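> After the structure tokens below, expect a handful of questions from me.
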Amino acid sequence: MRRYIALWIGLMALVAGCRARPSSPLPAHVYATPTPRPTASMTASALPTAAASPRPSATAAPQPSPTNTPTPPPTEDYPPVFFVVIGDFGLAGSAEQAVADLVLAAEPDFIVTAGDNNYPNGSLDTWDANVSAYYGDYLARGAFFPAWGNHDWGYHRKKLPALEKVDYLPEPKRYYEFVRGPVHFFVLDSNWQEPDGTTAKSRQARWLQERLAASSTPWQVVVVHHAPFSSGRHGSQTRLQWPYRAWGADVVLAGHDHTYERIEHDGLTYIVNGVGGHPSLYEFQTPVPGSRFRFNEDYGALFVWADGEHMRFEMHTVEHGVIDAFTLTRGE
């Protein structure tokens, strides 16, 4: 009898140890930074926290018409959310499959992309093989929010046919906003084909400044394909170095370079996350000022937990586990 009792206890422990959807690290896990495994490309140690600095008054053009900012409700009124960010992923194959397995096993509430969803040129003919085959369930329930990269637009194209496959996106669909829990997302179109422009004085930039000013949620997240700051092959895109912090953003998420990098610039955190499944990973060039962490040896996805007081970011990779983690605290 004792033998059967011991076997039963061992079986229950094994079942309890099986991996399920990661529970929210907020607030108990919010200050715990996993220790990254050392690799040759980890050229800077991960910072345990990245405080959101007070925002200065906006000083850069453009100057849109004034908007009234609603009084935000108490932060406890916002339900917490768990979402995943992937970038430069849309090429069917083993690398994309490995990242999709990582993401889907975590069961996020929704998925956000930093562009290049559908290689090589954003054709409707490749959408199902490159995107739907991996994230079709999230598309079907309107929980997949893509930014459009250069490979989604293709070349010499004047429209985005793949928008027909994501018909629930808010207008004008090429760039848009949406709110989930305590997070207000602003997804930009950074491609040269964008008719509303991509500079800090463009119509698209005026839209962003106005909408950030009107946001009443605890967190404002900007998503854009081309990275404003990057130490990767493509480097920093100066035309996209808008005054995001002054306008009210808390973090900027980008892709384009097939690397992972965390950069601090002017008190704002910028993330380059382009290792979502394209098999080509890029080498780093000279680090840009403010580069805090760089990694280019594996594919992965950025896991984010948010409530009214904190946003916890963890970069999960296929073979190396969690290689970077940091937390933003509201009001700091």
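> Please go through the stretch 298-309 and pick out each residue that is within 14 Å of VAL99 (Cα to Cα) and in a loop (DSSP other than H, G, I, E, B).
Residues satisfying the conditions are ASP298, TYR299.
> Determine if the stretch 155-165 includes at least one residue that is more than 17 Å from VAL85 (Cβ to Cβ), crowded, with 22+ Cβ neighbours inside 10 Å, in contact with a Phe, Trp or Tyr (Cβ under 7 Å, 6 or more places away or on another chain) and not small (Gly, Ala, Ser).
Scanning the stretch 155-165 turns up no residue that is more than 17 Å from VAL85 (Cβ to Cβ), crowded, with 22+ Cβ neighbours inside 10 Å, in contact with a Phe, Trp or Tyr (Cβ under 7 Å, 6 or more places away or on another chain) and not small (Gly, Ala, Ser).
> Can you find even one residue in the stretch 121-135 that is part of a loop (DSSP other than H, G, I, E, B), surrounded by 24 or more Cβ atoms within 10 Å (Cβ to Cβ), modelled with pLDDT of 90 or more and more than 17 Å from the chain's Cα centre (by Cα)?
yes
> Turning to a different aspect of this structure: Checking PHE178 against (1) within 15 Å of the chain's Cα centre (by Cα); (2) surrounded by 21 or more Cβ atoms within 10 Å (Cβ to Cβ): exactly one of these is not met. Which one?
Just one mismatch for PHE178, condition (2).
> Do you know which residues across the stretch 258-275 are in contact (Cβ under 8 Å) with a residue 40 or more places away in the chain, outside any strand (DSSP E or B) and in contact with a strand residue (DSSP E or B) (Cβ under 8 Å, 6 or more places away or on another chain)?
GLY274, VAL275
> So if I check each of GLU283, GLU264, which one is surrounded by fewer than 20 Cβ atoms within 10 Å (Cβ to Cβ), within 18 Å of the chain's Cα centre (by Cα) and either polar (S, T, N, Q) or more than 24 Å from ASP101 (Cα to Cα) (or both)?
Result: GLU264 is the single residue among GLU283, GLU264 that is surrounded by fewer than 20 Cβ atoms within 10 Å (Cβ to Cβ), within 18 Å of the chain's Cα centre (by Cα) and either polar (S, T, N, Q) or more than 24 Å from ASP101 (Cα to Cα) (or both).
> Out of GLU171, GLU194, I need the residue that is in a loop (DSSP other than H, G, I, E, B) and farther than 22 Å from HIS151 by Cβ. Which one?
Result of the check over GLU171, GLU194: GLU171.
The values are calculated or read from the model by the stated rules, or taken from the named source; none is laboratory data. On a predicted model such as this, the values are computed, not experimentally measured, just so you know. Cβ sites come from the backbone with ideal geometry, for glycine too, and all protein chains shown count toward neighbours.
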